[in-house]
Amino acid sequence: MNNNLANIKKSIIVLNKNDCVAIPTETVYGLAANAYSNKAVKKIYTLKKRPKNNPSIVHYSSLNQLKKDCVLNRNFFILYKKFCPGPITFILKIKKESRISKFVTNNKKTLAVRFPKNKITQKLLKILNYPLAAPSANISTKISPVSAGDVREEFGKKIKYILNGGDSKIGLESTIISLVKKPEILRHGGIEIEKISKILKTKVKFKSKKNKTSAPGQGKVHYSPHISMRLNIKNPRKDEAYLLIKKRKLKNKNYFYLTKNQNLKEAGKNLYKTLRLIKKMKYKKISVEKIPKKGLGITINDRLIRASK
Ligand code: TXA
Ligand code: MG
């Protein structure tokens, strides 16, 4: 823990200079900067090569801090109580007096907010007197990082500091739910849509991506390993890396288990790690065994479909 505290202090020095630090979260690593500072937030966009019109998620450690920036409603409190800290992001109305940089929201009237679960990042957020804007710590459209090593691979020395908090336990980005009007899922993620519906006692729907204005970052080429991909495949071709979720005998050696017993939580945790490895091994093609379209399987399929575009 002493070691962690020293590293948290190093992070604070960099953040206070309006620079970026990569932070661990239970979903994926984030590229963080002071959400109240225009200068700091601009750096995130430059480093990530992220389009300016794609707003970022702001990370908080307490409700009191969030209250300064957003209007909280009943559905928010119900979901907060059940799932936070955890892999869920809320879209809320931003308060007029909020100090959030206009570069975080691209001048929108709504803000994406989240309470991450990683202990080290929680401690960092608690000490800071500002929340952290943090998109995933990858170059735009590339695979999201789930370890400090992944972040280093993405950015090399371009990032001043990477706060190491071990491997991301969930390994898939947070579920995004808009609570501005009727609750609507904007991105499938680490919390299953079925669980959210149950808690809110209503069938929450997924908002189709056809309406691009709701979540600009939900473009087709996200999460792409930039390798061709075939889904729902029973018999892989010889030259394909084959992703599996249940144990079976295979002739060649090009197979990669996400899980051996259809444990979707485990499969989710291993997905980005495995895609990164396959890319490093220079495979040009991937095929994937059928993954059930329920629970976290919905999120995994969503990421695979986008990676295959
Ligand atoms: O798990 C996560 O959510 C990770 C960790 C680091 O917290 N972050 C993450 O950020 O996935 P990013 O930037 O890769 O994805 C954020 C998504 C984008 O698709 C963006 O368009 C959407 O959130 N978003 C941000 N603000 C929004 C808003 N006001 N309305 C609608 N969508 C918004
Ligand atoms: Mg991302």
Cα-based Rg and Dmax for segment 237-281, where Dmax is the largest Cα-Cα distance (Å): 10.5, 28
Near-label residues of segment 127-163 by backbone N, under 11 Å of a point 7 Å along Cα→Cβ of Asn3: none
With N set to the number of residues, divide the alpha-carbon radius of gyration of segment 23-133 by 2.2 N^0.38 Å and report two decimals. 0.99
The answer for the chain, counting only DSSP H helices whose Cα atoms cover 18 angstrom or more along the axis and whose Kyte-Doolittle average is -0.5 or greater, is 2-16
Taking the alpha-carbon distance from Lys182 and a cut-off under 17 Å, which aspartates and glutamates remain once sequence neighbours fewer than 8 residues away in the same chain are dropped? Glu194
Quote the charge dipole size of the chain about the Cα centre in Debye, to the nearest 20; the model charges only the Cβ of Lys and Arg (+1) and of Asp and Glu (-1). 740 debye
Debye calc, one equal point scatterer per Cα of segment 62-194, no solvent, log10 I(q)/I(0) at q = 0.20, 0.22 1/Å comes to -1.40, -1.57
Calculated diffusion of segment 228-307, Stokes-Einstein form, Kirkwood radius summed over Cα pairs, 4 °C and 1.567 mPa s, µm²/s: 104 µm²/s
Using just the C-alpha positions of the chain as equal point scatterers, what log10 of I(q)/I(0) does the Debye formula give at each q in 0.09, 0.10, 0.16 1/Å? -0.43, -0.54, -1.35
If you build a Gaussian network model of the chain, linking Cα atoms that sit under 10 Å apart, which residue out of Lys234, Lys43, Lys269 swings the most? Lys234
In the structure displayed, which of Lys49/Lys290; Lys249/Lys269; Lys68/Lys269; Lys169/Lys290; Lys238/Lys269 lie more than 31 Å apart, Cα to Cα? Lys49/Lys290; Lys68/Lys269
Take Arg237, project a point 7 Å from its Cα along the Cβ direction, then tell me which residues of segment 276-304 have their backbone nitrogen under 17 Å from it. 282-289
Over segment 1-75, one equal point on each Cα, no solvent: what is log10 I(q)/I(0) by the Debye formula at q = 0.27 Å⁻¹? -1.34
How large a share of the accessible area of segment 1-129, in percent, is made up of carbon and sulfur atoms when the probe is 1.4 Å and the other protein chains stay in place? 52 percent
Using just the helices of the chain, give the 222 nm mean residue ellipticity in deg cm²/dmol: DSSP H runs with n ≥ 4 each add -39,500 (n - 2.57), and the total is spread over all residues, rounded to 500. -9500 deg cm²/dmol
If you restrict to DSSP beta bridges whose two residues both lie in segment 228-307, what percentage is antiparallel, to the nearest 5? 10 percent
How many Å² of accessible area per residue for the chain, probe 1.4 Å? 50 Å²
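The values are calculated or read from the model by the stated rules, or taken from the named source; none is laboratory data. Quick caveat: nothing in here was measured; it's all calculated off a predicted structure. Ideal geometry is used to build each Cβ from the backbone, glycine not excepted, and the neighbour counts take in all protein chains shown. Surface areas here come from the heavy atoms of the whole protein model, side chains and all, with no ligands, DNA or RNA. Shrake-Rupley method; radii C 1.70, N 1.55, O 1.52, S 1.80 Å.
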